[in-house]
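Below: the structure, in structure tokens.
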Amino acid sequence: MKTKFLALLTFGILTSSFAADLGLDPAYLELKVYKFAVSKSEFCTDLVTVFETNNPIYEDFLSNPSLGNGNIEVGTYPCVVIEFSDVIRYASTTTSDSGICVANEQHSAQICRANNNEEGGILIDGTAFNCEDAEQRIALYLSTGSIGNGGDNQPAFLPPTAQNRARGLTLLSPLVVSKNTVAKFIVDGRGQVEDTTGRGWPNPICEMSAPTFSFGKK
């Protein structure tokens, strides 16, 4: 079963693809975040909600993303969970050779649809959800203990476990909170936009694969 995040698909580079249909940079990636939680466990147990809103707006996660305002105890958090709308928006910085991706033209993707064979997941409060055709809340688990990249049998919307570290997505570095520093959430989407013309699909699209996630210092 194939799990998608940010319209992620596992693919190989086909010889029929134009070079400039692959590895395009995103101009922006917009998410509508409802809730943000942290855990001191790489398996995302005992989640502590830091931020929550019932009226989120789309924010660009590639340009100094904001996860709301809240207080976090000093410590190291190898897992963070983002609860957001499963409809995301993005654009390419350049036009692809095949012309499906047009510079700065907005695309949207529903990443937890019923016909995507998604497994569903668990929200921050423990509520289970199934992927549906209508827009809905989903939860993305980012953990230093995960080896997941959204591929086959790697459900991004479930926390990793000792028995299954393919759950969730990899967090390259933990959130470290100290008295004197403020952590910066880094979302790197470079090279993650693709014009799918080369895959031979009858209706190619401009697709964005999962970026990498990490924390650094401001």
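Computed values, structure above
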| quantity | calculated |
| --- | --- |
| Charged-residue dipole, Cβ positions (Lys, Arg, Asp, Glu), the chain about Cα centre, Debye nearest 20 | 660 |
| Glu135 versus Asn180: modelled label distance in nm, points set 7 Å from Cα along the beta carbon direction | 4.5 |
| Cys131 long-range amide H proximity, modeled H, under 5 Å | Gly120 |
| Nonlocal Lys pairs with alpha-carbon distance under 29 Å, the chain (8 or more apart, or different chains) | 23 |
| Rough spin-label spacing in nm, given labels placed 7 Å along Cα→Cβ, for Arg190 and Ser98 | 2.5 |
| Length released on extending from Asn69 to Trp201, taking residue separation times 0.36 nm less the Cα-Cα span | 43.2 nm |
| Sorted peptide list for 172-182, 70-80, criterion being average Cβ within 10 angstrom, highest first | 70-80, 172-182 |
| For the range 19-217, diffusion coefficient by Stokes-Einstein and Kirkwood Rh (Cα), 25 °C, 0.890 mPa s, µm²/s | 141 |
| For the range 96-150 versus the range 50-89, the gap between their alpha-carbon centres in whole angstrom | 16 |
| Of Pro211, Gly150, Thr196, farthest towards positive along the dipole that unit charges on Lys, Arg, Asp, Glu beta carbons give the range 84-218 | Pro211 |
| Largest-first principal axis extents, alpha carbons of the range 16-82, Å | 50, 29, 18 |
| Cα pair distances of the range 131-188 binned at 10 Å [whole percent] | 23, 39, 28, 9, 1 |
| Charge-dipole axis of the chain as Lys and Arg at +1 and Asp and Glu at -1 on Cβ define it, positive-most pick from Ile124, Val87, Phe43 | Phe43 |
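Coordinate-derived values only; no laboratory data. Everything numeric here is computed off the predicted structure, so don't read it as measured data. All Cβ positions, glycine included, derive from the backbone under ideal geometry; neighbour counts span all protein chains shown.
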